[in-house]
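The values are calculated or read from the model by the stated rules, or taken from the named source; none is laboratory data. What you are looking at is a predicted structure, and each value in this text was computed from that prediction instead of being measured. With ideal geometry, Cβ positions are generated from the backbone for all residues, glycine too; neighbour counts draw on all protein chains shown.
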Amino acid sequence: MKNLNAQGKNKTDWKRGRTKLPESDKRENRIRVSFNDAELAQLEKSAGGMSVSCLLRLLATTPGILPKPIPSINAEAWSEMSRIGKNINQIAVKLNATGRIEIREFKEELATLRLRIVDAY
């Protein structure tokens, strides 16, 4: 009588241990990252059942998931647009509260905004 497994194969035909990966799939480079307890808990929650390593690898290698760095010229324009937007919002708040605004102030901010938009393109 032969020593067979459940699939009918001879137990001596089995390879022991994990199947070897092709060289292209081996991961030999490691990065050490430290997290506090709250950050690690958030990562584990976000992983949704997969390993944290798998989640981080997915985030780092999937195009479009991580935000693209903003070039410095765009960062400057963004900052200026943000300042203008805040000023316009303050004007709108004043208009809603009092029912009137300083037309000169509004026109200046609007003109500045228009120039910034035209310069950006």
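Quick check on my filter: what residues within region 94-121 are surrounded by fewer than 10 Cβ atoms within 10 Å (Cβ to Cβ) and either among the aliphatic types (A, V, I, L, M) or closer than 25 Å to A75 by Cα (or both)? Spell out how you get there, then give the answer.
Of region 94-121, the ones surrounded by fewer than 10 Cβ atoms within 10 Å (Cβ to Cβ) are 96-100, 103-104, 118-119, 121.
A97, I103, V118, D119, Y121 - these are the residues of region 94-121 that are surrounded by fewer than 10 Cβ atoms within 10 Å (Cβ to Cβ) and either among the aliphatic types (A, V, I, L, M) or closer than 25 Å to A75 by Cα (or both).
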Output yes when any residue across region 34-45 is part of a loop (DSSP other than H, G, I, E, B), among the hydrophobic types (A, V, I, L, M, F, W, C) and at negative phi, and no when none is. yes
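Considering each of E28, E80, E23 in turn, give the residue that is in contact (Cβ under 8 Å) with a residue 12 or more places away in the chain and acidic (D, E). Steps first, please.
Working: E28 fails: in contact (Cβ under 8 Å) with a residue 12 or more places away in the chain; E23 fails: in contact (Cβ under 8 Å) with a residue 12 or more places away in the chain.
After ruling out the rest, the residue left standing is E80.
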In region 78-93, which residues are loosely packed, with under 13 Cβ neighbours inside 10 Å and β-branched (V, I, T)? V93
Considering region 63-77, residues that are part of a loop (DSSP other than H, G, I, E, B) and surrounded by 10 or more Cβ atoms within 10 Å (Cβ to Cβ), and then whichever is modelled with the lowest pLDDT, we arrive at I70
Would you say A60 is without any contact (Cβ under 8 Å) to a residue 24 or more places away in the chain and either assigned to a helix (DSSP H, G or I) or touching a Lys or Arg at 6+ places or on another chain (Cβ under 9 Å) (or both)? yes
How do the pairs read when you match residues in region 84-98 that are under 13 Å from E108 (Cα atoms) with residues anywhere that are of a type in the set (S, T, N, Q) and part of a helix (DSSP H, G or I), using Cβ under 8 Å and keeping only pairs 6 or more apart or on different chains? I84/T112
